[in-house]
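Bear in mind these aren't lab numbers, they're just calculated from the coordinates by the rules spelled out. Since we're looking at a predicted model, the values are computed, not measured. Here the Cβ is made from the backbone with ideal geometry for all residues, glycine too, and neighbour counts use every protein chain on show.
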């Protein structure tokens, strides 16, 4: 083998190894026997395709459609730019943009690198950046066994910002279930009370108020700093993780999937509500509160996602 060929082969091998190691490092060592060590390329996205008109990959995503007044449509509100997805919140228009996955999927390791801009942790906020899963894709497609009589399903909010506080801004992680109740002949969101004796709780992984890591409440600081979050969607539970430097650590509370006879709680969801989901990345103008938000309290904002990777559950995994 000539020196040139040897060097070329060596450099290619090194490049492949670096790529493998970088993606493998996104999966905690303890989880490498549970989830595949390479992300699913059809469902993951680097957001660096250098496409015309700053478009995202339409084979994987589409614009979120909704009747919500705070949602904007088109490339003015969502762009793939400078190697990342940017969902803009435009102050003058009181609108922001979002995308939805073309496919629904379920068990695996979800991990993404993100930040926001224009959102002050110490002020009132009218923007609702989020990464979450739902039963529909906003184009009249629904996950099977979620929309019919007797069906139940579970929303998963991996990260969603609050717009309720007058003095600060935080994000949280939770999983409200929508459970079919035979006695009511309807599907009921667990934290809504349709009757005097109804009092279920939605499951919460990180509450944005009291759950701490290293003495600080999770989700209350550093919104404008790049950070990496991970979530296990396991057949038995949900668990949030955070990358702290080079180390992966569990954060918040595990949510366990229980038998269908057990009512939902702050830490449990009945298995009949555990379904695949369509996944949303985006922003939304959504002011809340008894007092109308003032003009000087509204900013231009972004939710920026550098990359999103999905590592499927291994078929032979002992979960």
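Starting from the Cα coordinates of segment 248-319, work out the convex hull volume and express it per residue in Å³.
Working: hull volume 15.4 nm³, N = 72.
Roughly 214 Å³ of hull volume per residue.
Share of Cα-Cα pairs in segment 73-169 beyond 15 Å, in percent?
On the way: 3293 of 4656 pairs.
Tail of the P(r) past 15 Å holds 71 percent of the pairs.
Compute the Kirkwood hydrodynamic radius of segment 22-126, taking the inverse of the mean of 1/r over all pairs of distinct Cα atoms, and give it in Å to one decimal. Walk me through the intermediate numbers first.
Values: mean 1/r = 0.0626 Å⁻¹.
Every distinct Cα pair counted, the radius reaches 16.0 Å.
What is segment 152-223's relative contact order, in percent, from Cα pairs under 8 angstrom and six or more apart in sequence?
Working: 121 pairs, mean separation 20.2, N = 72.
The value is 28 percent.
What percent antiparallel are the DSSP beta bridges of segment 20-145, to the nearest 5? All intermediate terms of the calculation are to be shown ahead of the outcome.
Values: 10 of 11 bridges.
Just about 90 percent of them are antiparallel.
Given a cut-off of under 8 Å on Cα pairs at least six residues apart, what relative contact order in percent is computed for the chain?
Details: 753 pairs, mean separation 87.4, N = 319.
Relative contact order, the chain: 27 percent.
Scale the Cα Rg of segment 101-255 by the rule-of-thumb value 2.2 N^0.38 Å and send over the ratio, two decimals.
Values: Rg = 16.8 Å, N = 155, 2.2 N^0.38 = 15.0 Å.
Dividing the Cα radius of gyration by 2.2 N^0.38 Å gives 1.13.
Using a Förster distance of 30 angstrom, determine the FRET efficiency expected from the C-beta separation of residue 299 and residue 186, and round it to 0.05.
Numbers: r = 40 Å, r/R0 = 1.32.
E between residue 299 and residue 186, to the nearest 0.05, is 0.15.
Under a crude label model (7 Å from the Cα following the beta-carbon direction), how far is residue 316 from residue 67 in nanometres?
The answer from the label model is 5.1 nm.
Return 311, 213 ranked ascending by Cβ neighbour count within 10 Å, so the fewest neighbours appear first.
On the way: 311 26, 213 15.
The order, fewest Cβ neighbours first, is 213, 311.
Using a 10 Å cut-off around each Cβ, can you sort 152, 55 from fewest to most neighbouring Cβ atoms? Don't skip to the end; give the middle numbers.
Details: 152 23, 55 13.
Least crowded to most crowded, the residues run 55, 152.
From the helices alone, meaning DSSP H stretches of at least four residues, give me the mean residue ellipticity at 222 nm for the chain, per-run term -39500 (n - 2.57), in deg cm²/dmol to the nearest 500. Walk me through the numbers before you get to the answer.
On the way: 1 runs with 22 residues, N = 319.
The helix contribution divided over the chain gives -2500 deg cm²/dmol.
How much length would be gained if the chain were fully extended between residue 25 and residue 292, taking 0.36 nm per residue of separation minus their Cα-Cα distance, in nm to one decimal? Kindly include the intermediate steps, with their values, before the conclusion.
On the way: separation 267, 0.36 × 267 = 96.12 nm, distance 4.53 nm.
Taking 0.36 nm per residue and subtracting the Cα distance, the gain is 91.6 nm.
I'd like the projected area of the chain, averaged over all directions, using the convex hull of its alpha carbons. Report it in nm² with one decimal. The partial results should precede the final answer.
On the way: hull surface 79.9 nm².
Projected over every direction and averaged, the Cα hull of the chain covers 20.0 nm².
Quick one: if the Förster radius is 22 Å, what FRET efficiency do residue 59 and residue 141 give, using the C-beta to C-beta distance and rounding to 0.05? Kindly include the intermediate steps, with their values, before the conclusion.
Numbers: r = 16 Å, r/R0 = 0.71.
My answer for the efficiency is 0.90.
At residue 41 and residue 120, where each label point lies 7 Å from the Cα along Cα→Cβ, what is the point-to-point distance in nanometres?
4.6
When a footprinting reagent is the concern and you count Cβ atoms within 10 Å, what order do 206, 298 take, fewest first?
298, 206
On C-alpha positions alone, give me the angle between the axis of helix 3-24 and the longest principal axis of the chain, in degrees, nearest 10.
With both axes taken from Cα atoms, the answer is about 20 degrees.
Per residue, what volume in Å³ does the Cα convex hull of segment 200-319 take up? Before the final figure, lay out each step's value.
Numbers: hull volume 21.0 nm³, N = 120.
Taking only Cα atoms, segment 200-319 has a hull volume of 175 Å³ per residue.
Per-residue counts of other Cβ atoms within 10 Å, averaged by peptide: what ranking do you get for 172-178, 289-295, 266-272, highest first?
Numbers: 172-178: 23.0, 289-295: 9.4, 266-272: 18.7.
For the peptides 172-178, 289-295, 266-272, the packing ranking is 172-178, 266-272, 289-295.
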